[in-house]
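Accompanying notes for the structure given below.
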Amino acid sequence: MATGYLIIQTHTAHDALPVKGAQIWIMDGSERKVYHVTTDESGETQRIALETLDRSLSLDPDFSGTPFISYDVLAFADGFNSVHIVGIPILEGETALQPIEFVPMRQIQRTPSVTEIQIGAPAVTMTGSRDQAGPDPEDTEPQVLRQVVIPNPITVHLGSPNASASNVYVTFPDYVKNVASSEIYPTWPEASIRANIYAIITFALNRVFTEWYRSRGYSFDITNNTAYDQYFIYGRNIYESISRIVDEIFNEYVRRRGQNAPYFTSFCNGTTATCAGLSQWGTVTLANQGLSPIQILRSYYPKDVEIAETNIITGVLSSYPGAPLKVGSTGLDVQTIQTYLGRIRRNYPAIPPITDQTGVFGESTRSAVTKFQSIFNLTPDGMVGKATWNKLSYLYASVTRLAELDSEGTSLGIGTVPPSSVLRLGSSGQDVITLQYLLNVAAEFDSTIPAPAQDGNFGRETQQSVAAFQRASGLEPDGMVGPLTWQALYQTYLGADQVIPPSADTGYTEYVVRSGDTLWLLARRYNTTVDAIKRLNGLTSDNLSIGQVLRIPASGASGGAYSEYTVRSGDTLWLLAQRFGTTVDAIKRLNGLSSDILNIGQVLRIPTSSSAGGSYFEYTVRSGDTLWLLAQRFGTTVDAIKRLSGLSSDILNIGQVLRIPAG
């Protein structure tokens, strides 16, 4: 049996924060557990070897079966909603990189919801026709924009153009990696893969350059429907070999000699579907004959096509200097990347500190760059080339934006109680600014939500953002903000307040300092001492900075396992203690309560340590739940749930309340 590999990478807030300590279950097609692993401080698992089929099958266009073995992944992390990924294709000798973007649970959630992602076979195996309409390739002026621009992010519509579907916002390199991994096999010859990636890049840039959809009134750049555009599966894995090539050429595209516009590079698989453009399977044959990528492209497109480059990349903080930075480089560009790495290191502590003189690329800068590259799947050569520069810029923008939003929320006086106003298209004022701020927070953790400008005017951009948030929250997407939408926005805001989960392995919780925090307040909140916090963080003074990451001793607030409970009408501490098999004092101590008074909607931590005996919490069954999935999610067994809930069969009903063992 052949072997392929899988690495899981967990992040939140557009990669700004790794999720360490996430529990990852890897299962085969029969839902048998193959591996149980935990992510490290960079949010990554080790490389996992998995059985698969011989790679030669994926090189044979006449093979009618599935040339790989698929695996499923269940991912859980404290404080986040869970992710279930079905059908990750593992091919011989290839490493599949599976990113998992965790979304924080809302404050009122007692249990995590589950996002399911279906992957499956690539588009090259599909039998449906591809009718990729575009501008006339012979038209010498098919453009709308004056220059070829890399859209960063690119807006992808998850459906056909007229379908009521979500838009997602993806960095352009990640979009190309996703499409290439969704369209073809990573086992193909490199010249074939490069030719296909050039076609994918150019097709997308042609859509942007001609404003193919936006000029028709749509709010996106491209769709993921293969009948119209390219195959894109939101949340899927990518392949390490494809990722490496895309990082090298993502801003290079195909054009005709003497023209600026990206050529309309239509394509199809060339076997079950034929077209006037590139044949995906045909590129394999040509590569095996020794043709280069440009020679392959000229076999399908005009003979005068060439590879061009654009360095206009929207959303990148600073332009790439044009030549790689390496040991011995000096100047402002070096200082820039040292600044970026220093800030990113607060969230990714595995990156070593830089001790070189400012603006001088020495050995410590090289070490920091190399570790950064290894974390983010870049070639770990210790040099800052085009791909590393742009990834540094993107990450720096993400981590600083989180800190800015945190500070801004305090200055706006967001509080915990929503405004009572009803906002709609044309509204303006302070409540609109509050709305736009909350939408920006939501957008950091859900890429289907666009982040509107915070200008106090409720325009079309804000309306689209509101509708996207409503869809993500299960509300009617009418684009108006009434009590239900306000409530959902605040639940999201308060739920995302602390997005760095504790690590069971380190004995501490990481906390990002907010405006108004002091060591004394944090010590009281987490049931520890000022000295313990200072000692764990090597602090010599009591001064704190907004955005600073502190390690909080876990022996205080955690004190053992707990479940969260939202207080309802009629609840008292005594009743809760009886219900959950604990004591009033234990609940008060865990929550830092000084009185027995409870408020409806208040979220309590309920001790669930082994000393509590047969303690449990209640769970309401949702669509897609099975006893096996629930047992995996909550670290128990099917028999234990059935015994505690008095079940005689495995059948569940939506809305049914189960008792889940909490020990």
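Numerical summary
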| read-out | value |
| --- | --- |
| Pair list, Cβ under 9 Å, 6 or more apart: segment 635-655 residue within 28 Å of V37 (Cα to Cα), other residue among the polar types (S, T, N, Q) and loosely packed, with under 12 Cβ neighbours inside 10 Å | K642/S648; K642/S649 |
| Enumeration of residues in segment 630-642 that are of a type outside the set (G, A, S) and modelled with pLDDT under 80 | Q632, R633, F634 |
| Residues located in segment 86-98, provided they are part of a strand (DSSP E or B) and more than 21 Å from T127 (Cβ to Cβ) | V86, I88, I90, T95, A96, L97, Q98 |
| Looking only at segment 179-211, and only at residues there that are more than 24 Å from the chain's Cα centre (by Cα) and farther than 26 Å from Q259 by Cβ, the one that is surrounded by the fewest Cβ atoms within 10 Å (Cβ to Cβ) | E190 |
| Breaking point among (1) of a type in the set (G, A, S); (2) over 28 Å from Q46 (Cβ atoms); (3) without any contact (Cβ under 8 Å) to a residue 60 or more places away in the chain, for A308 | (3) |
| Subset of segment 66-85 [over 14 Å from Q23 (Cβ atoms) and not in a strand (DSSP E or B)] | T66, P67, F68 |
| Qualifying position, being within 20 Å of the chain's Cα centre (by Cα), of a type in the set (K, R) and within 27 Å of P450 (Cα to Cα), among R214, R236 | R236 |
| Subset of segment 135-150 (residues that are within 33 Å of the chain's Cα centre (by Cα) and either surrounded by fewer than 10 Cβ atoms within 10 Å (Cβ to Cβ) or modelled with pLDDT of 75 or more (or both)) | R146, Q147, V148, V149, I150 |
| Qualifying residue in segment 330-344 (condition: in contact with a Leu (Cβ under 7 Å, 6 or more places away or on another chain), of a type in the set (S, T, N, Q) and in contact (Cβ under 8 Å) with a residue 24 or more places away in the chain) | no |
| Which listed residue, of S594, S541, is at pLDDT below 80, closer than 21 Å to L521 by Cβ and not in a helix (DSSP H, G or I) | S594 |
| Flag for N269 being crowded, with 19+ Cβ neighbours inside 10 Å and either under 24 Å from T448 (Cβ atoms) or out of contact with any Leu (no Cβ under 9 Å at 6 or more places or on another chain) (or both) | yes |
| Helices (runs of 4 or more DSSP H) contained entirely in segment 382-489, each with at least 1 residues that are polar (S, T, N, Q), modelled with pLDDT of 90 or more and in contact with a Pro (Cβ under 7 Å, 6 or more places away or on another chain) | 430-445, 460-472 |
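The values are calculated or read from the model by the stated rules, or taken from the named source; none is laboratory data. What you are looking at is a predicted structure, and each value in this text was computed from that prediction instead of being measured. A quick note on method: Cβ atoms are made from the backbone with ideal geometry, for glycine too, and the neighbour counts reach across all protein chains shown.
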